[in-house]
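The values are calculated or read from the model by the stated rules, or taken from the named source; none is laboratory data. Since we're looking at a predicted model, the values are computed, not measured. Neighbour counts run over all protein chains shown; Cβ positions are idealised from the backbone, glycine included.
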Amino acid sequence: MERELEKANKKYLELRKIIEEYLDENVKAPAFDTIEKDFQAQDRIANILLLLQTTVDCIKKQGLDFDKSYLKQLSKPEIDKRIYVLEEFIRTNYLSQEVKENLKSDSSRKYLLVYLSRELNWVAISVLSASYISAYILMRSIFELLVGIATIKTGSMRKRINDISFFSEEERKQIYRIWQDLSGWAHPYHKWIKEVCPIFISHKTMYHPKLCIQSLKKLEKIIDILLVIALEKFEIDKQNVLNKVTTYRIDTSNFPFFHSRYAENPNIH
């Protein structure tokens, strides 16, 4: 029995060493390379993570649980029917299919923020460790998730984006262009081959200044969209975000949708 335990422990240590070496080579080394060679990238990632954490925390604590923009579109008979169905649910405590459907359609979908936060953190890690293709693939999925939070409209991505009323027409065009660019990374026949493979085909994972800054700019656009959704759809207190911006001297010009609406404080750049 003791010999078996020794063998098991030896195998565990061997596997741990293999995994540690793999992480050192493929995650830690390129991450430290990025930090050493590009302080600006490190600073931008830190700002992104600060804004992400602040925004998600505010939505969880303060954000509306119901979709106000959707409910405003309903006719009075539809609203009256919803009120009646909910009153019956409260009176009988019977969760009918109609109640379930109403609760689902009326929800602001705050629960999706759990997924959003985790995956955005992984994007930051991917950029930091020079896994640029992985970062883009994740951002495409996150973009779709954000649109799904912003509107319950179905159909093409263009139709869904055009249904988000709190963005201007020009902003919706810009957002759709972001989607088109991210979609180019979904398949390995265009963006991968033309933009990344010529650089990395003969090298290990490593920091690349152009790919790094491009990835960060795209990530900032995703965070910019999230900020506006948080403030417009979930109606969080903008001062919580502005306080973080002021404290850490975050350059809001990297977040133009947010900047044009909320960065009117003269202390904010």
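Filter the range 149-162 down to the residues that are part of a loop (DSSP other than H, G, I, E, B) and under 19 Å from ILE222 (Cβ atoms) and list them by number.
Selection gives THR151 alone.
Suppose the filter is closer than 18 Å to GLY184 by Cα and not polar (S, T, N, Q); does ILE152 pass it?
no
Restricting attention to the range 225-257, which residues are modelled with pLDDT under 95, farther than 27 Å from ASP106 by Cβ and buried (at least 17 other Cβ atoms within 10 Å of the Cβ)?
If the condition is that a residue be modelled with pLDDT under 95, farther than 27 Å from ASP106 by Cβ and buried (at least 17 other Cβ atoms within 10 Å of the Cβ), then LEU242, LYS244, VAL245, ILE250, THR252, ASN254 are the ones that fit.
Go through SER156, SER165, SER134, SER129 for me and flag whichever is of a type in the set (Ser, Thr, Tyr), surrounded by fewer than 21 Cβ atoms within 10 Å (Cβ to Cβ) and in contact (Cβ under 8 Å) with a residue 40 or more places away in the chain.
SER165
Of the conditions (1) under 25 Å from the mean Cα position of the chain (by Cα); (2) at pLDDT below 75, GLU98 fails just one. Which one is it?
The failed condition is (1).
Kindly provide the set of residues from the range 181-224 that are surrounded by fewer than 12 Cβ atoms within 10 Å (Cβ to Cβ) and at pLDDT 95 or above, ordered by number.
Selection gives LYS217 alone.
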